[in-house]
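Since the structure comes first, as structure tokens, the remarks are kept for the end.
Where a number appears in this text, it was derived from the coordinates with a stated rule and is not lab data. Quick caveat, the model's predicted, so the values are computed rather than measured. In this analysis, Cβ positions are derived from the backbone assuming ideal geometry, glycine residues included, and neighbour counts consider all displayed protein chains.
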Amino acid sequence: MSSGGLELAGVSAGYGETLVLEAIGLALPTGGSLAVLGRNGVGKTTLLATIMGHTRLHAGSIRFAGREIADLPPFRRARLGIGFVPQEREIFPSLSVAENLAVAARPGRQWSLDRVYDFFPSLAERRHHRGNQLSGGEQQMLAIGRALMGNPTLLLMDEPLEGLAPVIVDALLAGLERLKREADLALMLIEQHARLALELAQQAIVLDRGMIVFAGPSRDLLVAPDRLAALISVSGRGGGS
């Protein structure tokens with residue numbers, strides 16, 4: 001596995017004594033992309049929280065960048081190169097766009113203010129606006145840009161397209177596709193629009209009751225919509241979060 005790779009083996013985790021995830025195993029190399037699908041409440045957000053160190057690990061191993069990180073606090077995991085874009089975005093509403101990005105900056109060769117602005121031109125146009133003056137789509141771009149300013153080699157995203165207008169979804173998808181092409185970065189994303197996530201990610205897992213019930217190439221589900229619908233109990237483009 002490459003230096004930025006992620007590997008989970010036998011991971012069971014949750015909150016306090018409550019188990020949410022059971023016997024999770026997955027591997028994601030640098031440059032790879034993984035969609036995490038499933039109904040509401042099956043453990044998708046808990047999976048990202050566990051990778052970041054925000055849950056209680058009951059069993060298993062979490063390896064990243066060539067080392068075991070299960071005992072590391074979240075800030076140490078971030079410094080190793082894990083970026084996180086939470087579902088709530090959690091930008092600083094009273095800081096400007098430029099200030100939101102600057103406070104997250106860490107040394108690295110890939111990401112700078114200019115490069116984030118190149119990926120998301122609307123942020124450059126509104127660099128002096130406060131976070132609470134941005135639209136929902138601009139706030140999502142800012143949340144992603146802020147995570148990138150930490151110069152991660154793994155980017156975790158929890159429903160980045162939630163609640164956005166179609167034109168904004170298209171702009172964000174274009175940015176994420178560009179990230180896949182141009183950045184030495186692994187992507188793991190939860191997304192309620194299952195087909196969009198499968199079209200973006202090379203690999204996919206489906207969770208049910210805290211366990212992986214499918215793991216494989218995204219195309220295996222894209223060409224079998226009935227199987228996809230059965231796995232996540234929805235039809236069409238949707239999925240749970």
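Assign unit charges at the C-beta atoms only (+1 for Lys and Arg, -1 for Asp and Glu), then state the dipole size of the stretch 117-241 relative to its Cα centre in Debye, rounded to the nearest 20.
100 debye
Which value in deg cm²/dmol, rounded to the nearest 500, describes the helix-derived mean residue ellipticity at 222 nm for the chain, given -39,500 (n - 2.57) per DSSP H run of n ≥ 4 and division by the residue count?
-9500 deg cm²/dmol
May I ask you to list the trypsin sites (Lys or Arg not before Pro) in the stretch 51-123 that are in a DSSP loop and have at most 13 other Cβ atoms within 10 Å of their Cβ?
ARG109
In nm, give the distance between the simple-model label positions of LYS180 and ARG209, each being 7 Å from the Cα along the Cα-to-Cβ direction.
Between LYS180 and ARG209, the label points sit 3.2 nm apart.
Can you tell me the relative contact order of the stretch 92-151? Whole percent, Cα pairs under 8 Å, sequence separation 6 or more.
56 percent
What's the magnitude of the charge dipole for the chain around its Cα centre, counting Lys and Arg as +1 and Asp and Glu as -1 at the beta-carbon? Answer in Debye, nearest 20.
It comes to approximately 340 debye.
Evaluate the relative contact order of the chain (contact order divided by residue number), counting alpha-carbon pairs under 8 angstrom at least 6 apart; express in whole percent.
Across the chain, relative contact order equals 27 percent.
How high is the FRET efficiency between LEU19 and HIS129 when r is their beta carbon distance and R₀ equals 51 Å, given to the nearest 0.05?
0.75
If you consider only alpha-carbon coordinates, what radius of gyration and Dmax does the chain have, in Å?
17.2, 48
If a helix is a whole DSSP H run, which ones in the chain reach 20 Å or further along their own axis (Cα) and hold a mean Kyte-Doolittle hydropathy of at least -1.0?
Sorted by number, the helices that extend far enough and score high enough are 166-182.
Quick query: amide H of PHE84 versus all other amide H atoms, modeled in the peptide plane; which residues come in under 5 Å with a sequence gap of 5 or more or a different chain?
Under 5 Å from the amide H of PHE84: LEU156.
For labels at ASP170 and ALA59 in the simple 7 Å Cα→Cβ model, what's the distance in nm?
The modelled label-to-label distance comes out at 4.9 nm.
Quick check for me: using +1 on Lys/Arg Cβ and -1 on Asp/Glu Cβ, what's the dipole size of the stretch 92-151 about its Cα centre, in debye to the nearest 20?
Computed charge dipole of the stretch 92-151: roughly 160 debye.
Just the number, please: percent antiparallel of the DSSP beta bridges in the chain, rounded to the nearest 5.
Among the beta bridges of the chain, antiparallel pairing accounts for roughly 60 percent.
Just want the answer: with Cβ charges of +1 for Lys and Arg and -1 for Asp and Glu, which residue in SER233, GLY108, THR153 is farthest toward the dipole's positive end in the chain?
Going by the Cα projections, it comes out as GLY108.
Please go through the stretch 1-59 and write out the GluC sites (Glu not before Pro) that DSSP classes as loop and that have at most 11 other C-beta atoms within 10 Å.
Those that pass, being in a loop and sparsely packed, are GLU17.
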